[in-house]
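Following: one structure in structure tokens, then a few remarks.
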Number of protein chains: 2
Amino acid sequence: MKKRLSISDIAKNLGISVTTVSFILNDKAKEKRISEAQTKKVLDYVAQVGYKPNQLAKSLRTGKSKTLGLLVEDISNSFFANIADQIEKFAYDFGYHIVYCSMNNDVNRAKELIQLFYDRQIDGFIIAPTEGLTEVIQRLLKNNVPVVLFDRHLEDLDTNYVISENHKGAYEGTRFLLEEKQAARVGMITIDSNQLQMRGRMEGYKEAVCGLEKKMLVEKIVREQPEEETIQQIRAFIAENQLDGVLFATNYLALSGLKAIKRYNLPIDKLVSFDENALFSLVEPAVSAISQNIPVIARQVVDILINEINGKSEGLVQVVVPCELIIR
Amino acid sequence: MKKRLSISDIAKNLGISVTTVSFILNDKAKEKRISEAQTKKVLDYVAQVGYKPNQLAKSLRTGKSKTLGLLVEDISNSFFANIADQIEKFAYDFGYHIVYCSMNNDVNRAKELIQLFYDRQIDGFIIAPTEGLTEVIQRLLKNNVPVVLFDRHLEDLDTNYVISENHKGAYEGTRFLLEEKQAARVGMITIDSNQLQMRGRMEGYKEAVCGLEKKMLVEKIVREQPEEETIQQIRAFIAENQLDGVLFATNYLALSGLKAIKRYNLPIDKLVSFDENALFSLVEPAVSAISQNIPVIARQVVDILINEINGKSEGLVQVVVPCELIIR
DNA sequence: TTGAAAGCGCTAACAG
DNA sequence: CTGTTAGCGCTTTCAA
């Protein structure tokens, strides 16, 4: 790469000191009472030669990088993709940038990434945590690194978080299947995980089913298995229990479920899934969705984090955002 | 945040010089013939106190950030999401990290991002460029910043790139509709853009249609319009031309197309789309796909870029990767 | 109103 | 084999 201009080049070429240039470039011209003429001269020259400060040096000096780290499980999941998008926009309004990373179900990789971001002096973290991450996040907290969790939180960790009303959402989704759709046997398909959001969804399902004195039928899918196995498992679960309705705990389970239903022509058409997905309205049977309020979640996450970074937060902030049932 | 240990803290605490510590930490212990004992002492101590070098300072000093910038149009498009994922993995194997960003159809934002990345001393760029980006990319090139384009390239720009065999893919997709599926009237739905990959796909369609002496029926969709308008436009296009087959130039157009077909019950079931999408096998009518070879593209992109960064490239590298027709 | 100079944490040339 | 030191580009205190 061609050598880039530095602030001292600018100063030299203009025959003034770096201090003056720095002040002007950081909008401290009037505060430091630098003359109009001087200011204009510098600004014009900088624009003309296209000088851009070296952010690395700036960050090294100030200790702030104006960058936030966003860690999600899987960026190709539409829920995370959309929320990443929104978060990036809001952060941008505050002058912050986002670097994001999928941890793809790999705890060690996730730990490395957190460390990496920390090494790069990231100003704060936004994390959709998995169970194995408790320790690393704990460490961040101990070092007073600003952190906000979203989508789920970790039980034995006192942190800021923004989550959805999982319990109520699942409850309403299940009620909808049982009452409006008149389903007789509604099963729940969830992942074999202790993640809090999944537990909430489970509780909601349980409460709705038990409230109407129906039988609880729950199938847990191991997250790491190949999709084909999941499909078979769902197929068996639906067939053996003669289900006519299913509540899926996440959108990717619903996708596998649809594949099973379609491929084996399973006689079931009352479906609800957590999280939206473009195909839910396109597919037969259509899938109703318990949709999380992505813009609100994103907004809150960013606000909380920025506040904390600016030292303006008093105590932990924990937000629960309502879901919306989208009927199809 | 708690103050972090620096290399000089380590040196002081151990009663040795920073040089020694630095050499050991950078695996130059034997090269600089530092004693086993010393090396071990430092390594142990560093592990014990959990010291991590400040990457900012390191980058500032060395001029390398070991980070690559990845710019895509829309990270929630499954094609880009998957390729981002793969690129990240391959880059990781070389010790590089990826920062990625959606430009969401906003040229100014894209320019800013490129500038931003450049300011952060990114070592190289991976870009799926849009037309408005010619200038900025040109500037990067002029400054000898390593760049690889993918998915498309820019006509009047001599760059490294990795693209798919768009022409051949579209040709085979169209032939498939006309011959295997016996479609009589096959239209093409594409975007109103001059992007090279779209032109290639168009040419392929044209060649197949003309080769069989059929009529060319092409509809161009304005990229920025609300999806509802797109749906209406597609509906009208299919109805007015009494199409029984369609070739979609991208997966998101196919999604809108499916919505139109489904909502208005259009009598058409011979569909092919560029790029895969999870729902193509789930939906009725099923959509065959001209699938791009994502792992190969990702691998190539990373290899080319790393080579260039290491100064090991001789001249431009331009790769065209075959597509695969996935029949449904 | 402006400038000199210290120092953020690190690497590496040079000296011993 | 190890230490001293300059300097990457920037901000900011202190002095003028």
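What the table below lists for this structure:
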| quantity | calculated |
| --- | --- |
| Residue list for segment A:4-23, filter: within 7 Å of DNA strand D (Cβ to nearest atom) and within 14 Å of chain B (Cβ to nearest Cβ) | A:Arg4, A:Ser6, A:Ile7 |
| In segment A:271-301, the residues that are farther than 20 Å from A:Ala260 by Cβ and touching a strand residue (DSSP E or B) at 6+ places or on another chain (Cβ under 8 Å) | A:Glu276, A:Ile290, A:Ser291, A:Gln292, A:Asn293, A:Val296, A:Ile297, A:Gln300, A:Val301 |
| Residues of segment B:5-23 satisfying the condition of being open to solvent by 50 Å² or more (accessible area, probe 1.4 Å) and either in a loop (DSSP other than H, G, I, E, B) or away from DNA strand C (no atom under 13 Å from the Cβ) (or both) | B:Leu5, B:Gly15, B:Ser17 |
| Criterion: within 16 Å of DNA strand C (Cβ to nearest atom), exposed (fewer than 15 other Cβ atoms within 10 Å of the Cβ) and over 16 Å from B:Gln115 (Cβ atoms) - qualifying residue of A:Asp93, A:Asp27 | A:Asp27 |
| Lone qualifier among A:Glu36, A:Glu73 - being more than 22 Å from B:Leu113 (Cα to Cα) and free of Cβ contacts under 8 Å to residues at least 12 places away in the same chain | A:Glu36 |
| B:Val283, sole failed condition from (1) farther than 21 Å from B:Arg185 by Cα; (2) in a helix (DSSP H, G or I); (3) within 14 Å of chain A (Cβ to nearest Cβ) | (2) |
| Count of residues meeting criterion [touching a residue at least 24 places away in the same chain (Cβ under 8 Å) and not in a strand (DSSP E or B)] in segment B:144-155 | 7 |
| Evaluation of B:Ala260 against (1) touching a Leu at 6+ places or on another chain (Cβ under 9 Å); (2) more than 13 Å from chain A (Cβ to nearest Cβ); (3) over 30 Å from B:Leu157 (Cβ atoms) (one fails), failing number | (2) |
| Qualifying residue in segment A:239-247 (condition: within 14 Å of chain B (Cβ to nearest Cβ), more than 19 Å from A:Ser291 (Cα to Cα) and without any contact (Cβ under 8 Å) to a residue 12 or more places away in the chain) | no |
| Residue ranges of helices (runs of 4 or more DSSP H) in segment A:24-111 with at least 2 members within 13 Å of chain B (Cβ to nearest Cβ) | A:55-62, A:78-93 |
| Total residues in segment B:102-111, condition surrounded by 15 or more Cβ atoms within 10 Å (Cβ to Cβ) and at positive phi | 1 |
| Every residue from segment A:112-132 that is open to solvent by 10 Å² or more (accessible area, probe 1.4 Å) and within 12 Å of chain B (Cβ to nearest Cβ) | A:Glu112, A:Gln115, A:Leu116, A:Phe117, A:Tyr118, A:Asp119, A:Arg120, A:Gln121 |
| Subset tally (residues that are at pLDDT 90 or above and open to solvent by 50 Å² or more (accessible area, probe 1.4 Å)) for segment A:67-85 | 0 |
| Those residues of segment A:244-267 which are part of a loop (DSSP other than H, G, I, E, B) and open to solvent by 10 Å² or more (accessible area, probe 1.4 Å), in sequence order | A:Asp244, A:Tyr264, A:Asn265, A:Leu266, A:Pro267 |
| Failed item in (1) at pLDDT 85 or above; (2) open to solvent by less than 70 Å² (accessible area, probe 1.4 Å); (3) away from DNA strand C (no atom under 15 Å from the Cβ), with B:Pro53 passing the rest | (3) |
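To keep it simple, each residue is scored yes or no on (1) closer than 16 Å to B:Ser313 by Cβ; (2) assigned by TED's automatic domain parsing to the domain that holds B:Glu276; (3) modelled with pLDDT of 90 or more.
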position	(1), (2), (3)
B:Leu116	no, no, no
B:Phe125	yes, no, yes
B:Thr130	no, no, no
B:Gln138	no, no, yes
B:Asn143	no, no, no
B:Val147	yes, no, yes
B:Arg152	no, no, yes
B:Tyr171	no, yes, yes
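The values are calculated or read from the model by the stated rules, or taken from the named source; none is laboratory data. Source: prediction; values computed, not measured. So basically every Cβ, Gly included, is an ideal-geometry build from the backbone, and we count neighbours across all protein chains shown. Heavy atoms of the whole protein, side chains included, go into the accessibility calculation; ligands, DNA and RNA do not. Shrake-Rupley method; radii C 1.70, N 1.55, O 1.52, S 1.80 Å.
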